[in-house]
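*Asks:* I'd like to ask some things about the structure below.
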């Protein structure tokens, strides 16, 4: 630590404090913090765990406002029974000291010459900020970046984050002029709303890329609703990152690629990529990867084709990819690149080279660099191979160009750069205005659930849930609560035959699993026998369940309608979210769903629908007309407003919501109230 | 070329022939092939295109049996109007000369010291064979491999492959003792059956990995059947590689990884991978990648845990991944690795290291190498970073260990090695015996289609198609052909109400698209009015269509049954294949399908079903019992046998086949006969 602090070009003074030594790293050391001549701007603590809380208190008294705790082992209990970490947190709060760590590698701010870390090497100064929850990844990325001449504004190891976390650092880096882009390695987020706020603000200013580990689903979630059970923790992280405008990558290789792209790639203005190459194979691989992501190569303009024809050998590809043949000399590369970059149909160029015996790759790189410098378009380079292309890679890196090792990774770089441009544009459009429920409606909704809350019940009955939905403006099938067969028959006459009969029991959540639902009852005789059948089946499957009666509803026969699920549930970290997907009995087997954090607006509701497979069916096919997508999106929007009106609403399933060209109707609904708990508590 | 030939350690003689020079590359040259003192074993031709056919003839006369044509441009016409390539092919066949190329980089066989290529560098000798259809990828992989000390038995650039292609080379390499594994870069396969035969034989002996480019779907295929339209060309390549036992990778990075794994990784005996690491973050990334592929880390035995407890610091992870903490010294690494490798619960170990300031990575590598050498288990290593881990990587490479740069790529390496072991085991089990249709049944089938062929018709009517299926043992709904409303009513009385009415027209393939189908007709009045409605609708949509009558079938009401599609179609390269998937009207929108080349057996039919999403529904869920999977697989098997019995059968759709717990029934079927043409000709 001491060597790193002294070896950097840090312009300020560095003082050492050591209780036992006079001298640290060749410098005189103070015995105590109190002896320091002034309050330090930053303290770095690498002392035994038990000493940490006291040192933080002393630093606070001294007027120091920031400390990095490198020390690990603060989970151990302190003298008062609380953990040392807790004692440290209290000391920090009382003393007004902000703390990074404990158990971290430290902080590097190369622009200041500050290396307050025990990393094995220093970082280069540059435009990237990196914040990591893993020390090992910190040093690994640092080492990788140095080899590629990638520099950093700040390089921060979070450690156990007892005080300073992602939100504080993101808030700072959002407006830090030395930082052009931010990379995050996240294992978990503790305070969802604060994280979202800070990440959104940062992403509004600059690209923020995240790699999140711990994708493996934790043990089955004890959720009582389909919505809660269907949405995995990782889906919610995905939704949170999307909501904040962060781009998630899946692998360390992609994170490396993102660092390369964000550091070096010029802004990409449009989708039209051209490839200039000396080899068909690599160009096809790049084209495949681009096509798999939905991309289409640029269509070169006739002028460009004519210009290329004028000097390229006749076997050139006569289109994009611009394959200039294996025997290409540097001037052929440079001229092809110049002509292609000048085409108004081209937004960016990917240069792909495979080594040949004709000419060393670095001569080609040297010829191309000035051509690229003279253009304002984004150019990405891919030099495939080993030793033969090393010098070319260095040449391009030195010229500030993005360099990739494989065609597919270069395409990922282009897509990331393109995504960032789109995101910038999207963030500039004004947010959609959503009109909340009226005060009257909110009052009516509260009146409806008040008796349930007063009775201490969590689950609304099916008819209660449908009343809530109806009030919120979501079409529901008429449903009557009855206590026995006679009442059921009367109700059926009221709603009209045929009917559906369902058991009403506070102890049964999945009615059809226990024989508690009979469809399509044509007359009184069938209805009466169904009452008996349900009693018997439920008695068999759930002998302990209390049967309070039966709900009767008109059988809805919309045979070509899609069965959908719409739901709300609560995530422990990020709060309430909406789920949309294929519904019906097979909902969990199909697992065709997408989630989005609340609140929704019309465009996020529409995008949510579009992320499912069932959306392709909803769009219509053959003689099947499109379903009323506007009505479905309106339901999602109303669920979001309903959640706003009822803070106690913690789980809601509408399954199925039937949707066809005539509109939508909810056939079944379940609503759970509670304090705002996570689904994991359900 | 001359320099490469002379610079290698080739022990035989090298003669040069040049029409104008006395001396080539410092050696005396003959003027003509006829002057050569003997027949060369191999000729390498780098002369102008026009001279090539004549030279091949001269070589044949001289007794030479093998030539490499480096020359490009043989597509140009020769003096007789045919292309130079065609003239060369004829000359080669007449002269008995096998030809590699033209337009190729050549051939390197480092074990022989032979470098008959114009690659920019020589290859190291080693166990890998590489065959590529792209010159650029040849040199790129060569360069990459040299930097990683990966060696080759044969390194072959195919060029335009006018004679020698993948089948010849695969057949040779299958039994070549110098070749332990084969890598292929394929752009297209010309002779599907020959390729399949040779690739299957090779994969039986050693791992064959393929990267296939050109995934982008070509323009819409003009297929008249759903089966033909649903199966993309790339799906068929996938099926062909799977059938032959080849493993397909998607990116150049994965091909590089495969080369590393196949060259260096010991056989992996089981699925239980343990991770030994100095950093939590990288280990979680590896665990995530493993989990995403369905893998589970090993559960360490109590003995192992106790042994590790004895010397690891208390903060170690106490399980797999074995996180030995960031301050691990070489001896802690070595001992942890030794203990983990000795655990009988562990089949393979992945060592993941991130650089630290504690100790140089190469000291850790040096300490671990002897421990690994003393074990017989597979060990993969991952050294993340740049300069700080270079020496450690070299140390492991020199020790013959697989080295990866990221945790996810190391996991891919493990999975590939594991896949190879499984494949070896699977190939050792005897093939399933499939009983073909009896001679009587085949004769009956031929009798059924004979009138259609005689009439020169391609499409069977729906009732004809159903008769064929019924004869083949596939349950079909009873269907009667009628000419008018009166006959239709009589037929309905015969099959039983309610009925389905469909138009019969040789000009209509997708009946429901043109209003040619009416479901669920309860009585004669409804049926008669449906006849009128169909006539009107068809007259409106297809005024030119000839209406020959109506088919009448019993309305099948199996409301909980799944609608499936089963089909056969013909691929231009690989011949006939079967398709299975979600059926019904939305078949193309759902695009939930899988394909398999014919012939099928019971296990490949079952595997085909399992590759679709609908298979999860067929397995049963909630109160929905499992569908009769055996009956579905039997239908697929019978389709395969039907195709064998009827070589003229080129397209077949069963859509839908209803499947539930009671079995299966085909509601609609379409069959096209023809000469064995590709679907692209349809």
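Quick note: the coordinates plus some simple rules give every number you see, no bench work behind them. Worth saying up front: this structure is predicted, and the values here are computed from it rather than measured. Cβ coordinates were reconstructed from backbone atoms using ideal geometry, including for glycine residues, and neighbour counts include every protein chain displayed.
*Asks:* Please compute the modelled spin-label separation between residue B:18 and residue A:458, points set 7 Å along Cα→Cβ, answer in nm with one decimal.
*Replies:* Label-label distance for residue A:458 and residue B:18, simple model: 9.0 nm.
*Asks:* Grab the beta carbon distance between residue A:525 and residue A:309, set R0 = 60 Å, and tell me the FRET efficiency rounded to 0.05.
*Replies:* The value I calculate is 0.10.
*Asks:* Need the full-extension length gain, residue A:82 to residue A:250, defined as separation in residues times 0.36 nm minus the C-alpha distance. One decimal, nm.
*Replies:* Roughly 56.7 nm would be gained on extension.
*Asks:* Right, something else. Listed highest first by mean packing, meaning other Cβ atoms within 10 Å per residue, what order do B:420-431, B:234-245 come in?
*Replies:* Highest to lowest by the protection proxy: B:234-245, B:420-431.
*Asks:* Then there's this: How would A:650, A:442, B:382, B:23 line up from fewest to most surrounding beta-carbon atoms within 10 angstrom?
*Replies:* Least crowded to most crowded, the residues run B:23, A:442, A:650, B:382.
*Asks:* Over the Cα atoms of region A:1-103, what Rg and Dmax result, in angstrom?
*Replies:* 13.5, 43
*Asks:* What is the helix-to-structure angle for A:84-95, meaning the angle in degrees between its Cα long axis and the longest Cα principal axis of chain A, kept from 0 to 90 and rounded to the nearest 10?
*Replies:* Relative to chain A, helix A:84-95 is tipped by roughly 80 degrees.
*Asks:* When Cβ neighbours within 10 Å are restricted to other protein chains, what is their mean count per residue of peptide B:384-394?
*Replies:* Other-chain Cβ atoms within 10 Å of each residue's Cβ, averaged: 5.
*Asks:* Give me the extension gain from residue A:572 to residue A:35: residue separation times 0.36 nm, minus the current Cα-Cα distance, reported in nm with one decimal.
*Replies:* 188.7 nm
*Asks:* Can you give me the angle between helix B:280-292 and the longest principal axis of chain B, using Cα atoms only, in degrees from 0 to 90, rounded to the nearest 10?
*Replies:* With both axes taken from Cα atoms, the answer is about 40 degrees.
*Asks:* Please pull out the direction-averaged projected area of region B:503-602, using the convex hull of its alpha-carbon atoms, in nm² to one decimal place.
*Replies:* Mean orientational projected area (region B:503-602, Cα hull): 9.0 nm².
*Asks:* Ok, one more. Quick one: order B:134, B:559 by neighbouring beta-carbon count within 10 Å, fewest to most.
*Replies:* Listing B:134, B:559 from fewest to most nearby Cβ atoms yields B:559, B:134.
*Asks:* Given a cut-off of under 8 Å on Cα pairs at least six residues apart, what relative contact order in percent is computed for region B:140-201?
*Replies:* Taking the mean separation of contacting Cα pairs over the length of region B:140-201, I get 36 percent.
*Asks:* Let me have the relative contact order for region B:283-417, percent, based on Cα pairs under 8 Å that are six or more residues apart.
*Replies:* 24
*Asks:* Shape call for region A:447-496 from the C-alpha gyration tensor, a ≥ b ≥ c root eigenvalues: rounded (a/c under 1.5), prolate (a/b greater than b/c) or oblate?
*Replies:* The shape class here is oblate.
*Asks:* A follow-up question, please. With Kirkwood's inverse mean 1/r over C-alpha pairs for Rh, give me the Rg to Rh ratio of chain B, two decimals please.
*Replies:* Reported Rg/Rh (Cα atoms, Kirkwood Rh): 1.07.
*Asks:* Label region B:386-523 by shape, choosing from rounded, prolate and oblate, from the square roots a ≥ b ≥ c of the eigenvalues of the Cα gyration tensor; if a/c is under 1.5 it is rounded, and otherwise prolate applies when a/b is larger than b/c, oblate when it is not.
*Replies:* Because a/c hits 1.5 or more and a/b exceeds b/c, region B:386-523 counts as prolate.
*Asks:* Using helices alone, I'd like the mean residue ellipticity at 222 nm for chain A: each DSSP H run of four-plus residues gives -39500 (n - 2.57), total over residue count, nearest 500.
*Replies:* It lands at -12000 deg cm²/dmol.
*Asks:* Please report the orientation-averaged projected area of region A:478-555, defined via the convex hull of its C-alpha atoms, in nm².
*Replies:* 4.2
*Asks:* Additional query: In Å, the Kirkwood hydrodynamic radius of region B:265-428 over pairs of distinct alpha carbons?
*Replies:* Evaluated on region B:265-428, it is 15.5 Å.
*Asks:* May I ask you to derive the FRET efficiency for residue B:373 and residue B:327 from their Cβ-Cβ distance with R0 = 22 Å, giving the value to the nearest 0.05?
*Replies:* Result of the calculation: an efficiency of 0.25.
*Asks:* Ranked highest first by the average count of other Cβ atoms within 10 Å around their residues, in what order do B:452-458, B:517-523, B:267-273 fall?
*Replies:* Those peptides, ordered most packed to least, come out B:267-273, B:517-523, B:452-458.
*Asks:* Calculate the spin-label point distance for residue A:478 paired with residue B:619, positioning each point 7 Å from the Cα along the beta-carbon direction, and give it in nanometres.
*Replies:* 4.3
*Asks:* Helix A:439-454: angle to the longest alpha-carbon principal axis of chain A, degrees 0 to 90, nearest 10?
*Replies:* Approximately 70 degrees, to the nearest 10.
*Asks:* Gain in length, residue A:536 to residue A:486, computed as 0.36 nm per residue apart minus the alpha-carbon separation, to one decimal in nm?
*Replies:* So the extension gain works out to 16.2 nm.
*Asks:* Which distances, shortest first and in nm, link residue A:191 to the matching position in the other copies, using label points set 7 Å out along Cα to C-beta?
*Replies:* Label-point distances to the other copies, shortest first: 7.2 nm.
*Asks:* Okay, moving on. In nanometres, what is the gap between the two model label sites at residue B:190 and residue B:168, each 7 Å from Cα along Cα-to-Cβ?
*Replies:* With each label placed 7 Å out from Cα toward Cβ, I get 1.0 nm.
*Asks:* For an R0 of 22 angstrom, estimate the FRET efficiency from the Cβ-Cβ distance between residue A:318 and residue A:292 and round to the nearest 0.05.
*Replies:* In this case the efficiency is close to 0.35.
*Asks:* From the label point of residue B:539, set 7 Å from Cα along Cα→Cβ, how far away are the matching label points in the other copies, in nm, ordered shortest to longest?
*Replies:* Computed spacing set for this position: 6.2 nm.
*Asks:* I need the shape label for region B:102-183. Rule: rounded when a/c is under 1.5, else prolate if a/b > b/c, else oblate, with a, b, c from the alpha carbon gyration tensor.
*Replies:* In terms of gyration-tensor shape, oblate.
*Asks:* In Å, what is the Rg of the alpha-carbon atoms in region A:544-639, and how long is Dmax?
*Replies:* Computed over the Cα atoms of region A:544-639, radius of gyration and Dmax are 15.6, 49 Å.
*Asks:* Next question. Can you work out the PRE-style zone for residue B:147? Point 7 Å along Cα to Cβ, and I want the residues of region A:301-345 with backbone N under 13 Å.
*Replies:* none
*Asks:* Which value, in nm² and rounded to one decimal, describes the direction-averaged projected area of the C-alpha convex hull of region A:197-353?
*Replies:* 12.6
*Asks:* Write down the Å³ per residue value for the convex hull defined by the alpha carbon atoms of the protein assembly as shown.
*Replies:* 226
*Asks:* Using Cα-Cα distances under 8 Å and only pairs 6 or more residues apart, what relative contact order does chain A have, in percent?
*Replies:* Worked out over chain A, it gives 10 percent.
*Asks:* So how do B:10, A:185 line up by other beta-carbon neighbours within 10 Å, fewest first?
*Replies:* Arranged by neighbour count, lowest to highest, B:10, A:185 become B:10, A:185.
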